[in-house]
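Q: Following this message is one structure expressed as structure tokens.
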Amino acid sequence: MKRTINKPVSRIVMIDPASPSTSVVREATRVLRQGGLVAFPTETVYGLGARALDPEAVTRIFTAKGRPANHPLIAHVLGVSDASALAARWSSLADELASRFWPGPLTLVVERAVGIPSVISGGASTVALRAPAHPVARALIAALGEPIAAPSANRYQSISPTQASHVASSLGSNVDMILDGGRSLCGIESTVVDLTGERPRILRHGAIPIGSIRTVVDVEIATGPVASNSSRVSPGMDARHYAPKTKLVLVDRRDLIADMCLAEGGSVGVILCGVADRSFEASRVVELPADSELYARELFATLHDLDARGLKAVIVEAPPNDESWLAVRDRLVRAQA
Ligand code: AMP
Ligand code: MG
């Protein structure tokens, strides 16, 4: 794997996701209290954590990721009482959504309370909040007794990490400690819902399908960047995101795959949606499940694996064009950009 060369690997500590060791959690909180960065598993992807209320620590996240300072981070909390303390207003709708989906992969964007450092929000007057379900994430927030800012633990625009080794190869020594709690169960990021406008709006499709959100509230879908002014930019909405180094090509028709493989001299990886008869020659073929949730779970790990093989291209058969696949299709389109 090219990208690990010359990069000292940070300290990786194993932690049981079912019952996180108190001493490991304590050690991690010590690193956080000193202003350091700890990568930890969540149910979506691995997060790169720092004390959310410490502007210097939060700034370190941006530096480690190479992420522009105007791309806001999500603050992770245990639940509604912590969340509402960070919000200027906590609406009954926020309450309803939180009681239905927290702890879990839903992020709510609300107006930021006075006194919360603006660096976490990239200067915006809002703040994004989520209560993760993963026992390691929860143990860490509880032991620290403060919210933890944590974007995905990877370099800006590259593939999100769903296991500790992905974090180590992407961030190297830019992270002080990595808690290895196995694979992230959802495999894609949280669904982000903006509650600051007249109507609730999905800023990013994610692990909670839009159909489930609609059982609570009728949301609209933000199309394209919210605004070109820096205060409302959402990183998950960048045209390029989640991208491997290898060229990725999304194809709508299975019968086009053979020609594309030929054009690249067979030095390609192919990701199929479901099982298929293979009428093409490729270096590696991966059949991901034809179920959007199971597909999402495997997607980033598959891209990491194919990206490390020095192939000329990764060809991805586009998944079905229906609502349950919106989050996966969104990742694939941005990975291709
Ligand atoms: P991640 O790198 O996965 O933590 O991405 C954070 C996501 O949260 C982005 O895609 C944004 O859409 C969203 N986000 C975070 N904070 C805000 C905010 N204050 N306003 C709008 N979107 C936000
Ligand atoms: Mg990210």
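All of the numbers you see were taken from the coordinates with simple rules; none came from a lab. The model shown is predicted, which means the values in this text are computed figures rather than measured ones. Note: ideal-geometry Cβ built from the backbone for every residue, glycine included; neighbour counts use all protein chains shown.
Q: Could you calculate the FRET efficiency of Arg183 with Asn70 from 1/(1 + (r/R0)^6), where r is the beta carbon distance between them and R0 is 30 Å, rounded to 0.05? All intermediate terms of the calculation are to be shown ahead of the outcome.
A: Values: r = 32 Å, r/R0 = 1.06.
Result of the calculation: an efficiency of 0.40.
Q: Summing +1 for each Lys or Arg and -1 for each Asp or Glu, what net charge is found among the other residues whose Cβ lies under 10 Å from the Cβ of Pro151? Walk me through the numbers before you get to the answer.
A: On the way: positive: Lys65, Arg67; negative: Glu189.
Surrounding charge for Pro151 is +1.
Q: Ok, one more. Classify the stretch 18-94: rounded, prolate or oblate, from the alpha-carbon gyration tensor (a ≥ b ≥ c, eigenvalue square roots; a/c under 1.5 rounded; otherwise prolate if a/b is larger than b/c)? If you can, show how the numbers build up before the last one.
A: Numbers: a/c = 1.74, a/b = 1.16, b/c = 1.50.
Since a/c reaches 1.5 but b/c is at least a/b, the shape of the stretch 18-94 is classed as oblate.
Q: Can you list, largest first and rounded to whole Å, the semi-axes you get for the stretch 115-166 by taking the square root of 5 times each eigenvalue of its Cα gyration tensor? If you can, show how the numbers build up before the last one.
A: On the way: eigenvalues 90, 68, 14 Å².
Ellipsoid half-lengths, sorted descending, are 21, 19, 8 Å.
Q: For the stretch 83-159, rounded, prolate or oblate, judged on the Cα gyration tensor with a ≥ b ≥ c (square roots of eigenvalues), a/c < 1.5 rounded, else prolate if a/b > b/c? Working shown, then result.
A: On the way: a/c = 1.44, a/b = 1.09, b/c = 1.32.
Here the stretch 83-159 falls in the rounded category.
Q: Does the stretch 235-313 come out rounded, prolate or oblate, given a ≥ b ≥ c as the square roots of the eigenvalues of its C-alpha gyration tensor, rounded meaning a/c under 1.5 and, failing that, prolate meaning a/b above b/c?
A: Details: a/c = 1.68, a/b = 1.23, b/c = 1.36.
Because a/c hits 1.5 or more and a/b fails to exceed b/c, the stretch 235-313 counts as oblate.
Q: Given an 8 Å cut-off on Cα distances and at least 6 residues of separation, report the relative contact order of the stretch 163-228 as a percent.
A: On the way: 64 pairs, mean separation 15.2, N = 66.
Value for the stretch 163-228: 23 percent.
Q: Further, regarding this structure: Given the C-alpha centroids of the stretch 98-174 and the stretch 293-337, what is the distance between them in whole angstrom?
A: Spelled out, the Cα-based centre of one part sits 23 Å from the other.
Q: Enumerate the amide H contacts of Ser21 below 5 Å, restricted to partners 5 or more residues apart or on another chain; note that Pro and chain-start residues carry no placed amide H.
A: Close amide H contacts, sequence-distant or interchain: Asp16.
Q: Give me log10 I(q)/I(0) at q = 0.13, 0.17, 0.19 Å⁻¹ for the stretch 1-137, Debye formula, one equal scatterer per alpha-carbon, no solvent.
A: The Debye formula, applied to the Cα set alone, gives -0.61, -1.01, -1.22.
Q: Would you please give the residues with an amide H less than 5 Å from that of Gly274, counting only those at least 5 places away or on a separate chain, with H modeled from the backbone geometry?
A: Those qualifying (amide H under 5 Å, at least 5 residues apart or on another chain) are Leu288, Ala290.
Q: Using a Förster distance of 22 Å, how high is the FRET efficiency between Lys247 and Met14, based on the Cβ-Cβ distance and rounded to 0.05?
A: Details: r = 35 Å, r/R0 = 1.60.
For R0 = 22 Å, the calculated efficiency reads 0.05.
Q: Semi-axes, largest first, in whole Å: what does sqrt of 5 times each Cα gyration tensor eigenvalue give for the stretch 121-198? Spell out each step's value before the answer.
A: Values: eigenvalues 107, 54, 38 Å².
Ellipsoid half-lengths, sorted descending, are 23, 16, 14 Å.
Q: Straight-line reach from Lys312: which aspartates and glutamates have Cα under 12 Å away, leaving out those fewer than 8 places along the same chain?
A: Straight-line reach from Lys312, under 12 Å: Glu264.
Q: Can you give the convex hull volume per residue for the Cα atoms of the chain, as a whole number of Å³? Please report the intermediate quantities before stating the final value.
A: Values: hull volume 41.9 nm³, N = 337.
Spread over its residues, the Cα hull of the chain gives 124 Å³ apiece.
Q: Next question. If we count every other residue with Cβ under 11 angstrom of Glu298's Cβ, Lys/Arg +1 and Asp/Glu -1, where does the sum land? All intermediate terms of the calculation are to be shown ahead of the outcome.
A: On the way: positive: Arg183, Arg297; negative: Glu287, Asp291, Glu293, Asp305.
Value of the local net charge: -2.
Q: Expressed as cubic angstrom per residue, what is the convex hull volume of the alpha carbon set of the stretch 47-128? Let's see the in-between values first.
A: Numbers: hull volume 6.9 nm³, N = 82.
Each residue corresponds to 84 Å³ of Cα convex hull volume.
Q: Which ³J(HN,Hα) values, rounded to whole Hz and listed in residue order, are derived for the stretch 206-223 from phi using the Karplus coefficients 6.51, -1.76 and 1.60 in 6.51 cos²θ - 1.76 cosθ + 1.60 with θ = phi - 60°, glycine and proline given as x?
A: Going residue by residue, I get x, 4, 9, x, 4, x, 6, 4, 5, 6, 9, 8, 7, 9, 9, 10, 5, 10 Hz, with x marking Gly and Pro.
Q: In deg cm²/dmol and to the nearest 500, what is the mean residue ellipticity at 222 nm of the chain if only DSSP H runs of at least 4 residues count, each as -39500 (n - 2.57), divided by the residue total?
A: Working: 10 runs with 97 residues, N = 337.
About -8500 deg cm²/dmol.
Q: What residues qualify as long-range amide H neighbours of Val109, i.e. H under 5 Å apart, gap of 5 or more or another chain, H built at 1.01 Å from N?
A: Residues meeting the amide H criterion: Leu129, Val193, Asp194, Leu195.
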